[in-house]
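Student: I'd like to ask you about the structure that follows.
Rule-based calculations on the coordinates, nothing more; no lab input. Because the structure is a prediction, the values reported are computed rather than measured. Don't worry about glycine lacking a Cβ; one is built from the backbone with ideal geometry, like all the others, and counts go over all protein chains shown.
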Amino acid sequence: MARPEGGVHPLIATFRAARLIPVVRTSTAARAATAVAWLQEAGLRIFEITMTVPDAPALIRALASDPALLIGAGTVPDAAAARACLDAGARFLVSPWVDPAIVGPAKAAGACAMLGAFTPTEVRAAIAAGADVVKVFPAASAGGPAHVKALRSVFPEVAFCPTGGVDARNLPDYLAAGAAFVGIGGKLVDEALIAAGDRGAVIAAAHAAMGTATT
């Protein structure tokens with residue numbers, strides 16, 4: 001998906017409309033696939049598969065083959081991993097730190113690059129590196145919505161995605177503070193519930209988050 005040089009990546013409008021991206025981080029690829037299947041039943045279509053999931057590129061390839069899904073890779077450590085994920089079909093790349101090395105491959109593939117930042121200095125570095133989105137991580141321990149609001153006051157044009165401690169209860173507060181959208185991990189992809197086979201609880205958590213995202 002191409003974009004004008006220096007322009008806004010077209011996927012950002014899709015992320016804004018969805019309001020949330022599930023961050024899938026599990027100890028096995030099978031549990032990650034189960035989480036995606038259950039959350040898809042609830043109506044979610046965008047998923048970040050972290051590179052901490054065993055055989056993550058293979059899972060990304062399998063999921064990306066479904067045209068109904070928009071799949072990205074998270075916790076991308078370096079350019080080699082970025083290229084592997086892009087080759088597998090990832091359409092966005094996420095790193096919890098500022099690493100310019102993943103931006104080049106992302107731009108070459110037309111993918112959206114999200115770099116992590118905590119302070120104004122790091123936000124500035126992420127922008128300078130070419131990030132399309134700045135992931136505010138860890139959001140909750142940084143002061144939550146108030147921290148996002150403070151960053152937004154300095155960087156009003158930046159698309160911020162707070163992640164870490166975001167849940168259905170505080171999601172509206174992050175959006176009101178100026179977040180473009182949010183990432184939700186353990187509150188949506190609860191590995192204990194997945195291991196227990198509690199499909200209903202996982203789907204209920206998704207419905208709760210999706211409901212607050214539209215209020």
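Student: Looking at the chain, which longest stretch skips every one of the GluC sites (Glu not before Pro) that is in a DSSP loop with at most 16 other Cβ atoms within 10 Å, leaving the sites themselves out? Write down the numbers at each step before the final one.
Tutor: Values: sites that count: Glu5, Glu157.
The longest such stretch corresponds to 6-156.
Student: With +1 assigned to the C-beta of every Lys and Arg and -1 to the C-beta of every Asp and Glu, and no other charges, what is the dipole magnitude of the range 11-213 about the Cα centre in debye, to the nearest 20? Mind dumping the intermediate values first?
Tutor: Numbers: 16 positive and 15 negative charges, 65 e Å.
I would put it at about 300 debye.
Student: Can you tell me the length gained on complete extension of the stretch Ala146 to Leu69, counting 0.36 nm per residue apart and subtracting the Cα distance? Write down the numbers at each step before the final one.
Tutor: Details: separation 77, 0.36 × 77 = 27.72 nm, distance 3.22 nm.
Going from the current span to full extension adds 24.5 nm.
Student: Next up: Considering only the range 11-213, what is the antiparallel percent among its DSSP beta bridges, to the nearest 5?
Tutor: Numbers: 0 of 23 bridges.
Around 0 percent of the beta bridges assigned by DSSP in the range 11-213 are antiparallel ones.
Student: Once phi is turned into θ = phi - 60°, what whole-Hz ³J(HN,Hα) does the Karplus curve with 6.51, -1.76 and 1.60 give for every residue of the range 61-68, x standing for Gly and Pro?
Tutor: 4, 5, 6, 5, 6, 8, x, 7
Student: Residue farthest toward the positive end of the dipole of the chain, with Cβ of Lys/Arg at +1 and Asp/Glu at -1: which of Pro10, Gly186, Pro22?
Tutor: Pro10
Student: Now for a different question. Under unit Cβ charges (Lys, Arg +1; Asp, Glu -1), what dipole magnitude, rounded to 20 debye, does the range 4-131 have relative to its Cα centre?
Tutor: Details: 10 positive and 9 negative charges, 43 e Å.
Dipole of the range 4-131, to the nearest 20 debye: 200 debye.
Student: Still on this structure, please answer the following. Let me see the pair-distance distribution of the range 1-117: every alpha carbon pair, 10 Å bin width, integer percents in order.
Tutor: 15, 49, 32, 4
Student: Okay, moving on. Please list, in order along the range 150-163, the HN-Hα scalar couplings obtained from phi with the Karplus expression 6.51 cos²θ - 1.76 cosθ + 1.60 (θ = phi - 60°), rounded to whole Hz, x for Gly and Pro.
Tutor: 5, 5, 5, 5, 8, 10, x, 8, 7, 8, 9, 10, x, 9
Student: Once R0 is set to 30 Å, what does the formula 1/(1 + (r/R0)^6) return for the Cβ-Cβ distance between Ala195 and Ala58, expressed as a FRET efficiency to the nearest 0.05? Please list the in-between numbers first.
Tutor: Working: r = 21 Å, r/R0 = 0.70.
Result of the calculation: an efficiency of 0.90.
Student: Further question: Using packing as a proxy for protection, rank 82-93, 200-211 so that the peptide with the highest average count of other Cβ atoms within 10 Å comes first.
Tutor: On the way: 82-93: 23.5, 200-211: 17.7.
Ranking, from highest mean packing down: 82-93, 200-211.
Student: Still on this structure: State the extension gain, in nm to one decimal, for the chain segment bounded by Trp97 and Thr119, taking 0.36 nm per residue of separation less the distance between their alpha-carbons. Can you show the working numbers first?
Tutor: Values: separation 22, 0.36 × 22 = 7.92 nm, distance 1.12 nm.
Between Trp97 and Thr119, full extension yields an extra 6.8 nm.
Student: Separate question: Please compute the Kirkwood hydrodynamic radius over the chain, one decimal place, Å, based on all pairs of different Cα atoms. Intermediate results must be reported in sequence, preceding the final value.
Tutor: Values: mean 1/r = 0.0592 Å⁻¹.
Hydrodynamic radius (Kirkwood, Cα pairs) of the chain is 16.9 Å.
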